[in-house]
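Take a look at the structure below.
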Amino acid sequence: MDLEKIVKEAAAPRPRSPRPIIMIGSGGIVRDAHLPAYAKAGFPVASLVDLNLDKAKSLAQEFGIPRGSSSIADAIQFSPKDAIFDIATPAKVLPSILEQLPDGAAVLMQKPMGDTLAEATEILHICRRKGLTAAVNFQLRWAPNMLAARAITSAGALGELHDMEVKVSVHMPWELWSFLSTAPRLEILYHSIHYVDLVRSWLGNPRKVYAKTVKSPRTPALAATKSVIILDYADDKRAFVATNHSHDFDPHMQRSFVQWEGMNGAMRAQMGVNLNYPAGLPDNLEYVLRDGAGWKQAPITGNWFPDAFMGSMGSLQAYVQGEARTLPTSVEDAIDTMRTVEAAYLSSESGGTELPAVD
Ligand SMILES: NC(=O)c1ccc[n+]([C@@H]2O[C@H](COP(=O)([O-])OP(=O)(O)OC[C@H]3O[C@@H](n4cnc5c(N)ncnc54)[C@H](O)[C@@H]3O)[C@@H](O)[C@H]2O)c1
């Protein structure tokens, strides 16, 4: 089995003829990831929209985008009819934005799909009622190292998969997102949600969730920024996410990886972006088989930021054009990631098992 070749051929879906994009929201993630990814993929952006007109205009100018505006109606009027909508705003405004889109439109929306499961359900119902082809931007699934990991596993190199862990111990500059300073739900909803979605994409829906999310004494004004989430699949399968976003000591011991273990091999993928957010360190993928050769580097090129953002948009566009049979992060699938996140918060609130008494 030529794993190097298999890794090099792993790719996210791409439309043959990309459609123009109307970008709603012109904040940090659009500047750092959406627009660089679309420039790299050759996806045309027709218009930027932001409540803050100056932001939309100046970012449009920076990326050579024809139009910056503060009105969705204006962007629709001046863009081609087959444009794809791409929303990157705080989750709270998703319902009101979705209501303004034409019925039957195709739309990608940033995670989270609402701040609670109730909001996610409202969003799902709007998408169904308006006949939208809607996906949530769970782009980690399309990071180059994650695609390579999937290809290695699909080739059968790991054997039966029985263990998946996500470990993040980093300093996250939460102050970059002013809207998070008062958010009642923070770490799981805004960050671990990517890992929960990733684990679901590999193992499906867990039968139960055990979780505890806690505040950091270093950032007492913020909601919980450290979490442990156990996703329970079977008595012989372990999956968990453990994150500490307030580890600001020497970067040498900071960690950010996904690790898989199968009967015949294991893999570890570094998610470099968390190690110096948002500039980031490189991603990588290492794997080991029972062949005595030790750990090897898989030949991947590109990183979660921005390359994975080509995958989430490419997947939606390829699906809309009939070139892909499935839309993996459709709202119909994403609602299950939101249910898993909700279960984690409910578990954290309801608490664990008290120590049994002894005589
Ligand atoms: N890896 C990822 O997928 C990733 C990373 C970072 C942020 N995000 C998500 O992207 C979203 C935006 O994050 P950000 O970092 O860009 O935040 P930001 O605060 O930098 O930008 C948000 C922008 O949305 C604009 N906005 C707010 N309401 C609007 C409305 N009704 N219409 C048009 N524009 C509106 C604001 O003016 C602001 O410019 C959040 O939901 C966040 O969770 C995802």
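Tabulated values for the structure
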item: In the range 129-158, residue nearest to the ligand (Cβ to nearest atom) [restricted to those that are more than 22 Å from Ile300 (Cβ to Cβ) and not charged (D, E, K, R)]; result: Val136
item: Test set (1) assigned to a helix (DSSP H, G or I); (2) farther than 23 Å from Glu342 by Cβ - His194 fails condition number; result: (2)
item: Residues (within 30 Å of Arg185 (Cβ to Cβ) and small (Gly, Ala, Ser)) located in the range 62-110; result: Ser70, Ala88, Ala91, Ser96, Ala105, Ala106
item: Subset of the range 150-191 [part of a strand (DSSP E or B) and open to solvent by 10 Å² or more (accessible area, probe 1.4 Å)]; result: Leu161, His162, Asp163, Glu165, Lys167, Ser169, His171
item: Selection count, the range 29-60, where residues are polar (S, T, N, Q), over 23 Å from Ala279 (Cβ atoms) and out of contact with any Asp or Glu (no Cβ under 9 Å at 6 or more places or on another chain); result: 1
item: The range 249-277 residues that are more than 28 Å from Arg290 (Cβ to Cβ) and in contact (Cβ under 8 Å) with a residue 40 or more places away in the chain, paired with ones that are in a strand (DSSP E or B) and open to solvent by less than 10 Å² (accessible area, probe 1.4 Å) (beta carbon under 8 Å, 6 or more apart); result: Asn274/Val168; Asn274/Ser256; Leu275/Ser256
item: Failed item in (1) at negative phi; (2) assigned to a loop (DSSP other than H, G, I, E, B), with Thr340 passing the rest; result: (2)
item: Options Leu161, Leu186, Leu140: the member that is under 21 Å from Asp333 (Cα atoms) and hydrophobic (A, V, I, L, M, F, W, C); result: Leu140
item: Test for Trp295: is it closer than 23 Å to Ser246 by Cβ and either aromatic (Phe, Trp, Tyr) or outside the structural domain of Glu165 (by TED's automatic domain parsing) (or both); result: no
item: Residue satisfying condition, being among the aliphatic types (A, V, I, L, M), crowded, with 22+ Cβ neighbours inside 10 Å and assigned to a strand (DSSP E or B), within set Ala242, Ala211; result: Ala211
item: Among (1) more than 16 Å from the ligand (Cβ to nearest atom); (2) under 24 Å from Trp304 (Cβ atoms); (3) in a loop (DSSP other than H, G, I, E, B); (4) open to solvent by 30 Å² or more (accessible area, probe 1.4 Å), the one test that Pro206 misses; result: (4)
item: Per-region count, the range 283-305, residues over 17 Å from the mean Cα position of the chain (by Cα), open to solvent by less than 90 Å² (accessible area, probe 1.4 Å) and farther than 8 Å from Asn145 by Cβ; result: 10
item: Residue tally, condition open to solvent by 30 Å² or more (accessible area, probe 1.4 Å) and either within 21 Å of Trp177 (Cβ to Cβ) or not charged (D, E, K, R) (or both), over the range 62-88; result: 11
item: Condition met for Gly314 (of a type in the set (Gly, Ala, Ser), on the phi > 0 side of the Ramachandran plot, at pLDDT 95 or above and out of contact with any Ser or Thr (no Cβ under 7 Å at 6 or more places or on another chain)); result: no
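Table: residues versus (1) open to solvent by 10 Å² or more (accessible area, probe 1.4 Å); (2) in contact with a helix residue (DSSP H, G or I) (Cβ under 9 Å, 6 or more places away or on another chain).
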residue: Gly42; (1), (2): yes, no
residue: Asn52; (1), (2): yes, no
residue: Ala60; (1), (2): no, no
residue: Lys92; (1), (2): yes, yes
residue: Met113; (1), (2): no, yes
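The values are calculated or read from the model by the stated rules, or taken from the named source; none is laboratory data. No experiment lies behind these values; they were computed from the predicted model shown. For neighbour counting, all protein chains shown are included, and Cβ atoms are generated from backbone atoms with ideal geometry for every residue, glycine included. Note: accessible area is taken over every heavy atom of the protein model, side chains too, but ligands, DNA and RNA are not part of it. Shrake-Rupley method; radii C 1.70, N 1.55, O 1.52, S 1.80 Å.
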